[in-house]
Amino acid sequence: RQMCIRDSLWTSVPLNAMLGFNHIEDGGIEAISNVLKKNDTLKVLNIEYNGIHQEGANFLGAMLQLNHTITTINLLKNHITDEGLEFICSAIKVNDTLVSFNLAYNNIHDEGAKKLAAALLANRSISFLDLSFNHIDKDGAKGLSAVLASNGFIRELNLESNKIGDEGVKYIWESLMKNTVLSVLILNNNFIGNEGVQLLSTLLKVNGTLRKLHLDSNHIKNEGAKYIIEGLKENKVINDLRIFYNALDKDEWIIIRDECINRRAMGK
């Protein structure tokens, strides 16, 4: 099957390669990567739910240093890890066409997040980054926050189901007080409590670009919801703020939900 995929990339000119759920392992990725080094038509490479490990990540990194047409890579649910990500980061520093990068469910920890952050500081093309369902905590958040503070290209960041916590939120908050580009931030299930939400509420009062903020399944209580409500009173841009599955009274999240519904209905 993997050789058939390689041959099809040689003989045709597809714009999208949808290769998810195919049991492709490192050897198959080597063959595919060798073809893509010379391919100048493919835009989307979807290789989610395969068996790609560190060696395969090395092949992908080598390919991305030479390929200048791929704009989207989906590596959801592979086995990249911090070690494999290091190879890809070397390519990110020089690649100028990759726009969307999905690394969800890849066993990435703080070290991997920091290596990625260092690469992104040199990158001027990636706008959509998904690091959800990994193992990134406050130290990884600190590295990524440096990118948000100085990189003017990332528009959507998904950090759902990591371990950011209130301390990690502090780093993100500091960076977003300077950021005028990020429009989507997903922080569901990150052990965020009232302290972190209080910081985010002050961000809402001054930030004019963030339109979507998701905080579902955290440790936010009624006091934290009140901070959010106060922030919304001064923010006229955000129209998708979710705070479901926290320790809130129903009245609190209904106020937030209804305010966002009204804003969307008014086209804000």
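The values are calculated or read from the model by the stated rules, or taken from the named source; none is laboratory data. No experiment lies behind these values; they were computed from the predicted model shown. A quick note on method: Cβ atoms are made from the backbone with ideal geometry, for glycine too, and the neighbour counts reach across all protein chains shown. SASA here: full protein model, heavy atoms, side chains in, ligands and nucleic acids out. Shrake-Rupley method; radii C 1.70, N 1.55, O 1.52, S 1.80 Å.
Per residue, how many Å² of accessible area does the chain show with a 1.4 Å probe?
Accessible area per residue, the chain: 44 Å².
Provide the FRET efficiency to the nearest 0.05 for the Ser90-Glu167 pair, computing r from the beta carbons and using R0 = 22 Å. List each step's numbers first, then the result.
Values: r = 30 Å, r/R0 = 1.35.
Plugging the Cβ-Cβ distance into 1/(1 + (r/R0)^6) gives 0.15.
Packing, taken as the mean count of other beta carbons within 10 Å per residue, orders the peptides 198-204, 173-179 from highest to lowest as 198-204, 173-179. Positive end of the dipole of region 50-198 (Cβ unit charges, origin at the Cα centre): among Gly56, Ile80, Ile70, the Cα lying farthest that way belongs to Ile70. Note on region 38-162: percent of Cα-Cα distances in each 5 Å bin, starting at 0 and stopping at the bin with the largest distance, equals 2, 12, 23, 28, 22, 10, 2, 0.
Ordering Ala122, Asn107, Cys89 by Cα displacement along the dipole of region 81-125 toward the positive end leaves Ala122 in first place; charges were set at the Cβ atoms of Lys, Arg (+1) and Asp, Glu (-1).
With the simple model of a label 7 Å out from the Cα in the direction of the Cβ, Asn262 to Lys37 spans 6.0 nm. Taking the C-alpha atoms only, the angle from helix 222-234 to the longest principal axis of the chain is near 90 degrees. For Thr202 and Arg155, what is the calculated FRET efficiency with R₀ set at 30 Å and r taken between the beta-carbons, to the nearest 0.05? Given R0 = 30 Å and the Cβ-Cβ separation, E is 0.85.
Determine the shape class of region 96-206: with a ≥ b ≥ c the square roots of the Cα gyration tensor eigenvalues, call it rounded for a/c under 1.5, and otherwise prolate if a/b is greater than b/c, oblate otherwise. Cα axes put region 96-206 in the oblate bin.
Summing Lys and Arg as +1 and Asp and Glu as -1 over all other residues whose Cβ lies under 15 Å from the Cβ of Lys93 gives a net charge of +1.
Other residues whose C-beta falls under 13 angstrom from the C-beta of Asn188 contribute a net charge of -1, scoring Lys and Arg +1 and Asp and Glu -1.
Per-residue packing, averaged as other Cβ atoms within 10 Å, sorts the ranges 52-59, 118-125, 248-255 into the order 52-59, 118-125, 248-255, beginning with the highest. Around the Cα centre of the chain, unit charges on the Cβ atoms of Lys, Arg, Asp and Glu (plus for the first two, minus for the last two) sum to a dipole of about 900 debye.
Which value, in Å to one decimal place, does the Kirkwood hydrodynamic radius take for the chain when every pair of different Cα atoms is included? Computed over Cα pairs of the chain, the Kirkwood hydrodynamic radius comes out at 19.3 Å. Each Cα pair under 8 Å and six or more residues apart adds its sequence gap; the mean of these over the residue count of the chain is a relative contact order of 10 percent.
Site pair Ser125 and Phe21 shows an inter-label distance of 2.9 nm when each label is modelled 7 Å from Cα along Cα→Cβ.
Taking only Cα atoms, what is the 0 to 90° angle, nearest 10, from helix 165-176's long axis to the longest principal axis of the chain? Orientation of helix 165-176: about 80 degrees from the principal axis. Taking the protein heavy atoms of the chain in the context of the full set of protein chains, the accessible area attributed to carbon and sulfur is 51 percent at 1.4 Å. Helix 138-150 and the long axis of the chain differ in direction by around 90°, with both axes built from C-alpha atoms.
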